[in-house]
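Report on the structure given below.
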Amino acid sequence: MKLSAMPQSRRDLLLFLTLLIPVFGVFLAMGPAYGARMSVEAACYAIIALGLTIQWGYAGQFNAGVMGFVALGGVSAMLLSVPPNPDFWNSDLPGELARVLLTLVAGIALVVATSRLHRLGVSRRIRTVLTVGVALIAYLTFINQLTPVASAIESQAGFIGGMGLPAWVGWLVGGALAGGIGYFIGHICLGLRSDYLAIATLGIAEIIKAFLKNADWLTRGTATVSPLPWPTPGAGELGFVLSRSIYLSITAVMIAVIFFLLHRAYHAPWGRTIRAIRDNEVSAAAMGKNINKRRLEIFVFGCVLMGIGGAALTSFNSIFDPSGYLPLNHTFLVLAMVILGGPGNNLGTLFGAVLVYIIWIMSAPVALFLMDLVVMAGQAWFGWESAGNLDSRALQARVFVIGLLISLVLRYAPKGLMPERVPHHR
Amino acid sequence: MPLLDAQDVHGGYGSMNILNGVDLAIEAHEIGVIVGPNGAGKSTMLKAIFGLLQVSQGSIRLRGEDITNVAPNKLVQMGMGFVPQEYNIFPSLTVQENLEMGAYIKPRPHTRLLDHVFELFPPLVEKRRQPAGELSGGQRQMVAMGRALMTEPGLLLMDEPTAGLSPLFMNEIFTRIKEINAAGVGILMVEQNAKQALGIADKGFVLAAGQNRFTDTGQNLLNDPEVARSFLGG
Amino acid sequence: MNELVFFINNVVVSGTVSSSIYAMGAIGVTLVFSIMRFAHFAHADMMTLGAFFVLGLTMLFPEVGVAVGLPSALILMPIAMVLTAIVAVGIDRAFYKPLRDHNVKPIVLVIGSLGVTLMLQGLIRLFAGTGSRSLYIAERKDIFRLELPGELATRPIVITEPQIILFFCTVGAVVALHWFLTRSRLGKAMRAMSDNPDLARVSGINTNTVIAVTWMIAGALATAAGTLLSLDVVLKPDLSFFLLLPIFAAAIVGGVGHPYGAIAGGFVVGFAETLAVFNWAVLLRPFQDMLPAGWELPTYLAFVGTEYKITVPFFILVAILVWRPTGLFKGKVL
């Protein structure tokens, strides 16, 4: 029976069974500890990918800055779960930092107040000029106050340290933080062509990364923070395999909850509205649907999932390294998962996350193996000199593989391996 | 041999059929007019002739040669011109550049062709360096027709050339159409303004639900009480 | 006066340099957008690719420039422009055209171009490694120091050879593009297709030719921008997303689909960036004496640190999207 002719549920089952082959392959080839690590990471990626699949698959919004939201989740997991830094809290720096933050709040209040001036009869043009001017002055004041405090923190205490709360609190706050930034971006871009959303999200991701990398007082920047506590017993107590399996079960529960919520939402009137907007915006608007509000909701919701997934991933890796957030690893990898699995299909996204993650971690060793083969053949037959840095170059093969994967899927399986199932309501 | 001969044309957008067997034929130097209620498939028929949508059944011939589902740019080379109803000019190009685009497939220079079009539409002469998007509705329609005439077509298809124009401009456009036709160009057009259009038509085709309801000379259709009652508003 | 020289060196010269690079990139992005209606995310990597072609050619023939007195890389640049143009057309045929033929939404083409970006990045790094390279192989970079007459300025205005070349190349490219778009048959066809693709097809314009020409121009300009940038600083394989944002911002500020707007946008974004990271305290220093005693001027007064340079194009982008989404010159479709 041809794959395309099967009923969809049987086809999905078959695909998932096939997926077991590479999964077991990794366990056998690399050992159970490595396999367990891969599974947890794939599960965290699946949460992130579910965030993208509701944005892109459900609503047709293309977020090219997943990395930024993942990093926000990561920084929040770090800040909330790492133990407090006594050097910081025992100095007079917290008070100074609070004063700077108060300046910021006052500045924002002043700017907002100025932007409302037109209600007092000031002409809109003058109001805009005034608002921009006040914003500039407030910003410069804030920066000038922050700089000395920040460098004092860096020199006296290293960084402000964490709050010593359980890791899962950090995950939730990470989701909220990512959602907040998503609200800001979505508010500006969702009414425009989707290209602009892609450009803006790409930009905000780079800015978030630049901030996390350079705000040493907050994140220790490139010096990195580790270890990050797990919400579950660590490898020191239970050994690698067991501790990772418990972590995996937590992420699995999270995925199950998200699945349940998404399933409910997708089949509720809310989900129908979202799909109606995606498929035909004009008629959805004509039916009196509040398009921009629904769009914003789904975009923010997707960002929240990315933040939570990113936080879980960062906690698992137990190190917060802002330079470790790369567009390739945290945006395009997720994109490949979603479009390969089937945008708008949650099961497909899960499938894509696992499959693409295996392709991802296996492509560097495979490429190295192939290159070694070529070099050996070259040495044997033509007397080549081997170029020294094959390892780092083989790593670059992953970039190419993900790019090729995206291009091939778009061309040959534009709806993914498990296409969205459009329910027929009576 | 008829200039254009379409027989039993079926077609539409995707799986939705709009044309369910339309026949029409016009001789060289004739004006053919397609009229009918909204949704009858009038514009769709023009697009089907001009290769802008897939014809699923039936045949279309130009001077005896089969042109069913031939690409538009080939049809331009075979001597057919098309004036769409809307978006029929290049707004940021000047009037002269618009006309030059019409003659894209003709060897240069285009001086003679340009002079010919400017002779037909004198108001365009002084606007030739102005972006076409800045012109009035009637002048835009002239640019659109002029652009299609630059290839010196033997058959000109026009989709509602007077839509949205004031009565004054409407008369002007009808006069130009008669002039173009007098110069030897066969014309097939869709018109909402059925009475005036049938008045200048050699052949008239009344479509309804994607099929011919009446086919006769323009004059006979105007005088036919049933056509008048059902399609010309009494 | 030394402060003024500092301003000229750090703002006027370097602002013009980055503005010209952005402008050349933005023209390509805007042309692709106006013909194919999608934001081409692989553009910055096309710049890198072109510069790597130049690097390869220069390594093969390091001495060609010596006879003329210009950098070899510059002499070999036209060949690389042709190569990149061919690659650009090839990429279109292999990856974008099949998608276009399926009538996909423009955003799918955007994703396709992200796939192409990654493939280009991967290939470039696979073959050339990840380190920085200099395009000056057999020669040295000429640096001109213009001493100012008079007693007040003791420091010279510094301008380098590649900066002068960049300036002339930008002017040349803009003039050539203007001539092409307003005088040549193909250029007019390009504008026509950007105005109204359906009518262009109906007029007998071969849209595939126009698309190919668009890619050739975009590829050639990207090569020029990438090469001149690398001549001025160094050739880095990982510039991609850092170039992409200012280039897109420039194209949108100028009004998408508007080549002249893209040039203006490039200068707006380039100078905004330079002015934002410029240390204004230097210019204020001469006025220190006028302040009452006890008032200290800050030693460092810039809007953003250089590490946050990328926020400038982003906020320009946000501002223009909020206040005037069609850009300064009334661009196309939103």
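Values in this text are rule-based calculations from the coordinates and carry no lab data. In this text the structure is predicted, and so the values were computed from the model without any measurement. For neighbour counting, all protein chains shown are included, and Cβ atoms are generated from backbone atoms with ideal geometry for every residue, glycine included.
Spin-label model, A:Asn280 to A:Ser226: label points 7 Å out along the Cα-to-beta-carbon direction sit 5.5 nm apart. When you restrict to C-alpha pairs under 8 Å that are six or more residues apart and normalise by the size of chain A, the relative contact order lands at 30 percent. Scanning chain C for trypsin sites (Lys or Arg not before Pro) in DSSP loops with at most 15 neighbouring Cβ atoms within 10 Å leaves C:142-329 as the longest stretch between them. In degrees from 0 to 90, rounded to the nearest 10, what is the angle of the helix C:259-277 Cα long axis to the longest principal axis of chain C? Helix C:259-277 and the main axis of chain C meet at about 30 degrees. Of all lysines in the structure, the ones whose alpha carbon falls short of 26 Å from that of B:Lys42, not counting any fewer than 8 places away in one chain, are B:Lys74, B:Lys178, B:Lys195, B:Lys203.
Counting only GluC sites (Glu not before Pro) that DSSP places in a loop and that have at most 14 other Cβ atoms within 10 Å, the longest clean stretch of chain C runs over C:152-295. Using a cutoff of 8 angstrom between alpha carbon atoms and counting only pairs six or more residues apart, the relative contact order for chain B works out to 28 percent. Note on chain C: GNM, Cα springs under 10 Å; of C:Ser240, C:Ser203, C:Ser19, the largest mean-square fluctuation is that of C:Ser203. According to the square roots a ≥ b ≥ c of the eigenvalues of the Cα gyration tensor, what is the shape class of the stretch A:84-157, taking rounded for a/c under 1.5, prolate for a/b larger than b/c otherwise, and oblate for the remainder? Prolate, since a/c reaches 1.5 and a/b exceeds b/c. With q set to 0.06, 0.08, 0.10, 0.15 Å⁻¹, the log10 of I(q)/I(0) for chain C, from the Debye formula over equal scatterers at the Cα positions, is -0.24, -0.41, -0.63, -1.27. Diffusion coefficient of the stretch A:265-309 by Stokes-Einstein, Kirkwood radius over Cα pairs, 25 °C, 0.890 mPa s: 223 µm²/s. Whole-percent P(r), chain A, all Cα pairs, 20 Å bins from 0: 22, 51, 24, 3, 0. Each label was represented as a point 7 Å from its Cα along the Cα-to-Cβ direction; for A:Ala33 and B:Lys195 these points are 9.4 nm apart.
Taking the DSSP beta bridges with both ends in the stretch B:113-234, the antiparallel portion is around 55 percent. Values of log10 I(q)/I(0) for the stretch C:47-141 across q = 0.23 Å⁻¹ run -1.13, by the Debye formula with one identical scatterer at each alpha carbon and no solvent.
Counting 0.36 nm for each residue step from B:Ala25 to B:Ala228 and taking away their Cα separation leaves a gain of 70.9 nm.
As a test of the formula, what do you get for chain B when each DSSP H run with n ≥ 4 contributes -39,500 (n - 2.57) and the sum is divided by the residue count, at 222 nm and rounded to the nearest 500 deg cm²/dmol?
Result for chain B: -10000 deg cm²/dmol, rounded to the nearest 500.
Comparing mean-square fluctuations of A:Ala49, A:Ala71, A:Ala286 from a GNM of chain A with C-alpha springs under 10 Å, the top value falls on A:Ala286. Across peptide A:392-398, the average count of Cβ atoms from other chains found within 10 Å of a residue's Cβ is 5.
Rank by packing, highest mean first: peptides A:231-240, C:53-62, with packing defined as the count of other Cβ atoms within 10 Å averaged across residues. Intermediate values should be presented prior to the final figure.
Working: A:231-240: 14.2, C:53-62: 18.9.
So the order, starting with the most tightly packed, is C:53-62, A:231-240.
Under the rule a/c < 1.5 gives rounded, and otherwise a/b versus b/c splits prolate from oblate, where does the stretch C:73-113 land using the Cα gyration tensor? Since a/c reaches 1.5 and a/b is larger than b/c, the shape of the stretch C:73-113 is classed as prolate.
Just so you know, the Rg over Rh for the protein assembly as shown is 1.01, from Cα atoms, with Rh as the Kirkwood radius.
Gyration tensor over the Cα atoms of chain B: the corresponding equivalent ellipsoid has semi-axes (square roots of 5 times the eigenvalues, largest first) of 28, 21, 16 Å.
Contact order, relative form, for the stretch B:87-152: 53 percent (alpha carbon pairs under 8 Å, 6 or more residues apart, mean separation divided by residue count). Compactness check for the stretch B:87-152: Cα Rg over 2.2 N^0.38 Å is 0.96. Applying both filters, DSSP loop and at most 10 other Cβ atoms within 10 Å, to the chymotrypsin sites (Phe, Trp or Tyr not before Pro) of the stretch A:296-373 eliminates every site. Percent of Cα-Cα pairs more than 22 Å apart in the stretch C:1-96, please. Percent of Cα pairs beyond 22 Å in the stretch C:1-96: 48.
Among the chymotrypsin sites (Phe, Trp or Tyr not before Pro) within the stretch B:133-215, not one is in coil by DSSP while having at most 10 neighbouring Cβ atoms inside 10 Å. Measuring from a point 7 Å past the Cα of C:Leu60 along Cα-to-C-beta, which residues in the stretch C:35-51 have an amide N at less than 16 Å? What the label zone holds, given the 16 Å backbone N cut-off, is C:50-51. Computed from the C-beta positions of B:His116 and C:Ser184 and an R0 of 22 Å, the FRET efficiency is 0.40 to the nearest 0.05.
Of the beta bridges in the protein assembly as shown, as assigned by DSSP with both residues counted there, near 65 percent are antiparallel. If you run the Gaussian network model on chain A, springs between alpha carbon atoms under 10 Å, then out of A:His263, A:His187, A:His118 the most flexible one is A:His118. Spacing of the modelled spin labels on C:Val175 and A:Arg264, each 7 Å from Cα toward Cβ, amounts to 6.9 nm.
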